[in-house]
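In what follows, a single structure is set out as structure tokens and then discussed.
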Amino acid sequence: MHWQIEILLLVILVVAALTALQLKNLLAAVVTLNIFSFMSAALMVSMGAIDVAFTEAVVGAGAVGIFNILAIFRTTRRTLD
């Protein structure tokens, strides 16, 4: 049963990555990449690397996600004439 969970998490990782690449909305892409980071942390927990999973969850999904969202909201879109 353990390997089925790892395969399911791996499939979710691949789907999240491909979805983030296809999205045109930057905020939706950041949220999808946060899902990718959380699933990556869950995969690491299932493999027994608790310390690496905790770091991935805090840095990868938490801090980087917040910085990306703040960067999106603090920039403006300009059109070229």
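Just a few scattered comments:
- Lone unmet requirement of (1) modelled with pLDDT of 90 or more; (2) more than 30 Å from W3 (Cα to Cα) for A16: (2)
- If the condition is being crowded, with 19+ Cβ neighbours inside 10 Å and either small (G, A, S) or more than 21 Å from V11 (Cα to Cα) (or both), then the range 43-81 contributes A53, A61.
- Condition check for L26: surrounded by 14 or more Cβ atoms within 10 Å (Cβ to Cβ) and touching a residue at least 24 places away in the same chain (Cβ under 8 Å): yes
The values are calculated or read from the model by the stated rules, or taken from the named source; none is laboratory data. Quick caveat, the model's predicted, so the values are computed rather than measured. Ideal geometry is used to build each Cβ from the backbone, glycine not excepted, and the neighbour counts take in all protein chains shown.
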